[in-house]
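Before any comments, here is the structure.
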Amino acid sequence: MTPPSDGFFLDDRAETQGVDWRLLRRLLRYVAPHRGLLAGALAALVLGTACQLAGPYLIKIVIDRHVTPRVLPGMAGWVLLYLAALAGAMGFLFLQMYAVSALGQRVILAIRAEMFSRVQRLPVAWFDRTPTGRLMTRLTSDVEALQELISSGLVSTIGDVAVLAGTAAILLWMDARLALVVFSVLPLLAVFVELLKKRIRAANREARRKMARLNAFLQEHVTGVAVVKAFGQEGKSDRRFDALNADYLAENVRLTNYFSLYFPGVEMLASFAVALLLWHGGGGLISGAITFGTLVAFLEYAQKFYNPIKDMSDKYNILQSALASSERIFQLLDTDVSPEYGEPAPRGRAEKARPAGRAESSVPAIEFRDVWFSYPRVDGGVSGAGAERPPALRGVSFALEEGRAGAIVGATGSGKTTVLSLLCRFYEAERGHIFLFGRDIRDIPRGELRGMISLVLQEPFLFSGSILENVASGGANVDAALSAAGVDRFASGLDAGLSTDVGERGGRLSMGQRQMVSIARALARNPKVLLLDEATSSVDPETEHGIREALPRVLAGRTSLVVAHRLSTVLSADRIIVMHKGKVREWGTHEELLAAGGIYRRLHTLQFDY
Amino acid sequence: MIRDAVDAVSAAGAGGGAGRAAERLRRAVALMALLAVLHAFFRYLSRRSLFVAAREVEKELRRRLFSHVIRLPLPFFQGTPTGDVMSRLANDLSAVWLLLGPGVLMLTGTCITWLIAIVFMLEISPALTGLSLLVAPLVVVVSREYGRAFHRQHRGIQESLAAMNGTLQENVTGIRLVKAFTLEEREEGRFGADCREYYRRSVAVARTSAKFHGAIGFLAGAGIALVLYFGGRSVIRGELTLGGFVAFNAYLAMLAFPTMAMGWVINLFQRGNAAMGRINEYLRLPAELPEDAPGPPGGTPSPPPGAVSPPTCPILEVKGLVFSHEGGEKVLRGVSFALGKGEVTGLVGPTGCGKSTLLSLLAGLYAAPPGTIFWEGRDAVEIPLTERRGRVALVSQDPFLFSDTLLENICFGKESPNPAAASEAARAARLLDEIEEMPRGIETVVGERGISLSGGQKQRATIARALYGERPVLLLDDALSAVDSETEREIFEGILKASGEATVLFSTHRMASLSRCDRILVLDEGRIVEEGTHDGLLSLRGRYFDLYSRQMLARELEEAT
């Protein structure tokens, strides 16, 4: 559970300087399986560029051999050849673009799948400290940036580089002196581009950040519009929005300034090159050193040479941001998975941990022995990441025999839910041991552990799909689960019955119905241990009544541990565990606890006297 | 605009200079260099001024749109997915900017280049001009078709991207369940299917795009080939000078890019237009106005409140309130009750009985029909919206906080935050101790950009927000469902102490909280079916008794044994 390094959070500032070859090599590893496609793309690229570069040379031939000496016969042939070269160039261009895109998309597909399966296996604590919105941005926009690099940036960059190299070679071959004239502006161009590039990149990043801020503000105010209205704060929101909007505009104006300077500037320098070319070439022509055709071809090539240079900076930008994105993606891929996905600990430890001399028959179903735990501090990346909160559990010990219903009660923050989370191994206990049927849960393979227990969360969360699909995702014992949880009864009243679509997060069902479905889902796997974080607090009394009727059926003969908020649940439990500030204060049956006159008794009176 | 004239002239200089005497060459080259500088300068000016102007327009439009949208009535937001609103506020606006900035620049640039180049080309050779322009319409048509296909396919990509992100979001939100039920592989399957669909569509777009680039390149090149042959023949026949031939080619090359861009420009305009249409759809929706207080249909001006209403008038009175959401069934079917100043009233009833709707109506979030809600004897529809809302602090079921500091959140209802008063409100809401444990106390940022609060903490923060404003009426809509009953009791005490004279109306599912109310209203199927004190209602042995005894059944059973 190493915390991700700060770069993951400081997305606004994260930036790699220059090209990180380590990252590129790692990216290339994803390309390796598609070698064939890559080879095809490169072949098409080389052939296409050759065809393309042949064009101006063919024009030179036409001018020198036919137009200048005024010889018509045979000219049509050259022109047709020119057309053929053109057709070839475009055909190969098509193949190359297509192949490179397909290649890029396949790489992205692989990265996406790998990232998804990695994310799912990260520890729950990791999700706690990563706000969903930010995580989603990482998972989506970083991959999109990488995809942008591969699908558009890479395709055209490879093409551009090939054209540049090819043009330079042909120019040198045709007339080295004249070629040097064409290149003479390059150093100047390099300085100009370098001067602006950094500013453009910085302004671009800043503009994007401001845009993100603006959109976050918008999103929030659309979602929370009822609050804005209820408090009559439309005017205040307007003013705050105006400030963000003006910020964004200012950044864009800055960016526009640079860009307005950049493109005309590059073009001007390119024009200087052409003027120089005419100057020298024209002179050479007059003195007969070069042919007229050569000059025309040179003009064409010079244009081909400077065109790709114009948007080099853009390409570099894409490359930079894609590399920054891929760095974050790889960081995510390198985050350690939750320990339960690893191999179970070596046998020896299991033997040691198992209480010696305990008879098999008396082994409790659930046992906590001096368990300590504190949540890692949820930190917005401000400072002190990794610092821990005060312990949520301070030496919790209790045992629950097989077939018994246990209820945990206590005030908010007393650690009730934490007990369930630790049993599911969402978090690792810091000290102490948790035993399930006498085995330390760290020694039980993940699949087996989670096959034994079933969980109902406090806030019922359903996956999009039908009621039936949701219940069936729990396990095979669907029919019995449906009737035990009372789902079949309410479902028969729905138009589509069990195949009713529950909507996004179960939004089309009422809260109570969602709870019943999530109980059914938990029962569907016929678990040995049922963990239930009672959520009846937000349900109306009638639905609660329905759930309460179902619960005894559900709990009968099953080992269960319920975080109880309702007295009725507590009363029907065999064992009651009273928690207070992370400790088990009292533990026993209802009568025992009332007689003891402790916290439980006080809670009990409160519930009625208020 | 001048830049294109410059473009044309510079090429003319190039053509004219070639093959002539050295003197003329030198002059032409010097001229060309000068023109290049001028060209760059004017292009800089035109780009800059046009783009900045377009950005200004975009900003102004965004400002207007936002300020309009947050003033749209609440039902609009309930009927419109957030994604849709966001897409108009973000994507459609950038489509408009693309039209106004790059779109207009390209369009004018292209037109001028075309005009000037054609004039010069006609001067050199009308026949060749006609010939070379044969392909131009084709190029425009092809690029336009491509733009359409691309746009359509791109929308498909966006859809599958949304589906993919939806699955992702669901997985991340429900990660505990995924783990608890070992659904990792099932989820991978679902996500994998989404990814493959996305892949398929992306590759289809790539194919379209590659085809287009090939076709357009070929068409543009074909024009050059035509001129090469026929122009070359004309030179051989002596109908055209060599310089003219070269210059002509140069003009044609100059036109290639703008012609291709034309299709793109057409698409920018179509898309920008459609986006503007969608934005206007929103702008045309009637917004709530702060002084929005349309009198009753008769138009009789409301008498000054003090004149008519006797001093004993209840602070809030509801008379025969009937209400249905747009196109829906009636949620409230004639609700009547009154709240006396300083009274604490409970509201109870099964899910879906209309509690939340009633509270939202009282808070002025929905428009109630005239003559149904009275504030100190004054019909609510006659009271300006801001004033009406200013009387009420509503804490809704679903706690919503902005990603900002706790201080800003608690002080949301007031212009400038007052830390001392905010702490006081937080104390009353039983949140202060926890705030003080946070890394930056009340300046801690919560939500997406900061730390995430638990459900109970969020609820208490929204209560602190409601208490901060010291508004005369406090409406709590099942606002304490995520805190335990002991804390709830403490909070209630805090509220009563903090709000002093305030009138409180709260709905709850927790029957035990109701026993200390001055009065309890039982709402069922859109009507108040019972009304009275806890003991009085219990003795009625009616609906309230029913609801209460179900929750307390276990206790009674216990006592019986």
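The values are calculated or read from the model by the stated rules, or taken from the named source; none is laboratory data. Predicted model only: the values in this text are computed from it and were never measured. Positions of Cβ are backbone-derived with ideal geometry, glycine not excepted, and every protein chain shown enters the neighbour counts.
Could you tell me whether region B:487-500 includes any residue that is at pLDDT 85 or above and in contact with a Phe, Trp or Tyr (Cβ under 7 Å, 6 or more places away or on another chain)? No, because not a single residue in region B:487-500 is at pLDDT 85 or above and in contact with a Phe, Trp or Tyr (Cβ under 7 Å, 6 or more places away or on another chain).
Would you be able to tell me the number of residues in region B:355-389 that are in a loop (DSSP other than H, G, I, E, B) and under 28 Å from the mean Cα position of the chain (by Cα)?
Within region B:355-389, the first condition is being in a loop (DSSP other than H, G, I, E, B), and the residues that meet it are B:363-372, B:376-377, B:383-384.
When the remaining residues are screened for being under 28 Å from the mean Cα position of the chain (by Cα), the result is B:363-368, B:384.
Count: 7.
Which number in (1) at negative phi; (2) under 28 Å from the mean Cα position of the chain (by Cα) marks the one condition that B:LEU467 misses? In the conditions (1) at negative phi; (2) under 28 Å from the mean Cα position of the chain (by Cα), B:LEU467 misses (2) alone. Residues of region B:445-479 that are at pLDDT 80 or above, assigned to a loop (DSSP other than H, G, I, E, B) and buried (at least 20 other Cβ atoms within 10 Å of the Cβ): B:ARG471, B:ASP478, B:ALA479.
Take A:LEU23 and decide whether it is in a helix (DSSP H, G or I), touching an Asp or Glu at 6+ places or on another chain (Cβ under 8 Å), farther than 20 Å from A:SER101 by Cβ and in the same structural domain as A:ILE170 (by TED's automatic domain parsing). Quick ask: steps written out before the conclusion?
On the way: in a helix (DSSP H, G or I): yes; touching an Asp or Glu at 6+ places or on another chain (Cβ under 8 Å): yes; farther than 20 Å from A:SER101 by Cβ: yes; in the same structural domain as A:ILE170 (by TED's automatic domain parsing): yes.
Judged against the criteria, A:LEU23 is a match.
Return yes when A:LEU172 is more than 10 Å from chain B (Cβ to nearest Cβ) and either modelled with pLDDT under 85 or closer than 30 Å to B:GLY79 by Cβ (or both) and no when it is not. Judged against the criteria, A:LEU172 is not a match.
Go through A:ARG35, A:ARG134, A:ARG138, A:ARG112 for me and flag whichever is part of a helix (DSSP H, G or I), over 30 Å from B:GLY166 (Cα atoms), at pLDDT below 90 and under 29 Å from the mean Cα position of the chain (by Cα). It would help to see each step written out before you state the result.
Numbers: A:ARG134 fails: over 30 Å from B:GLY166 (Cα atoms); A:ARG138 fails: over 30 Å from B:GLY166 (Cα atoms); A:ARG112 fails: over 30 Å from B:GLY166 (Cα atoms).
It is A:ARG35.
Within region B:188-208, can one find any residue that is in a helix (DSSP H, G or I), among the polar types (S, T, N, Q) and more than 7 Å from chain A (Cβ to nearest Cβ)? Taking every residue of region B:188-208 in turn, at least one turns out to be in a helix (DSSP H, G or I), among the polar types (S, T, N, Q) and more than 7 Å from chain A (Cβ to nearest Cβ). The one condition from (1) outside any helix (DSSP H, G or I); (2) at the interface with chain A (Cβ under 7 Å from one of its Cβ atoms); (3) not polar (S, T, N, Q) that B:LYS59 does not meet is (1). Note on region A:426-484: residues that are at pLDDT 85 or above and of a type in the set (Lys, Arg) amount to 3.
Could you tell me which of the residues A:ALA496, A:ALA484, A:ALA476, A:ALA480 is surrounded by 19 or more Cβ atoms within 10 Å (Cβ to Cβ), away from chain B (no Cβ under 12 Å) and among the small types (Gly, Ala, Ser)? Even if it seems obvious, please write down each step before you answer.
Values: A:ALA496 fails: surrounded by 19 or more Cβ atoms within 10 Å (Cβ to Cβ); A:ALA476 fails: surrounded by 19 or more Cβ atoms within 10 Å (Cβ to Cβ); A:ALA480 fails: surrounded by 19 or more Cβ atoms within 10 Å (Cβ to Cβ).
The match here is A:ALA484.
The single residue among A:SER156, A:SER101 that is surrounded by fewer than 21 Cβ atoms within 10 Å (Cβ to Cβ), in a helix (DSSP H, G or I) and of a type in the set (Ser, Thr, Tyr) turns out to be A:SER156.
Contact annotation: residue pairs with Cβ atoms under 9 Å, 6 or more positions apart or on different chains, pairing a residue in region A:422-445 that is closer than 14 Å to B:LYS179 by Cβ with a partner that is in a loop (DSSP other than H, G, I, E, B) and of a type in the set (Val, Ile, Thr), are A:ARG425/A:ILE444. Yes or no: A:PHE94 more than 13 Å from A:ILE329 (Cα to Cα), assigned to a helix (DSSP H, G or I) and at pLDDT 85 or above? Judged against the criteria, A:PHE94 is a match.
Answer yes or no as to whether B:PRO350 is modelled with pLDDT under 80, more than 30 Å from B:MET106 (Cβ to Cβ), touching a helix residue (DSSP H, G or I) at 6+ places or on another chain (Cβ under 6 Å) and not aliphatic (A, V, I, L, M). Show your work before the answer.
On the way: modelled with pLDDT under 80: yes; more than 30 Å from B:MET106 (Cβ to Cβ): yes; touching a helix residue (DSSP H, G or I) at 6+ places or on another chain (Cβ under 6 Å): yes; not aliphatic (A, V, I, L, M): yes.
Yes, satisfied.
Being closer than 28 Å to A:ALA207 by Cβ and either touching a Gly at 6+ places or on another chain (Cβ under 7 Å) or more than 10 Å from chain A (Cβ to nearest Cβ) (or both) is the requirement here; does B:LEU31 meet it? Steps first, answer last, please.
Details: closer than 28 Å to A:ALA207 by Cβ: no; either touching a Gly at 6+ places or on another chain (Cβ under 7 Å) or more than 10 Å from chain A (Cβ to nearest Cβ) (or both): yes.
The answer is no for B:LEU31.
Among the residues making up region B:380-394, those that are in contact with a Lys or Arg (Cβ under 8 Å, 6 or more places away or on another chain) and crowded, with 19+ Cβ neighbours inside 10 Å are B:ALA380, B:ARG389, B:ARG391, B:VAL392, B:ALA393.
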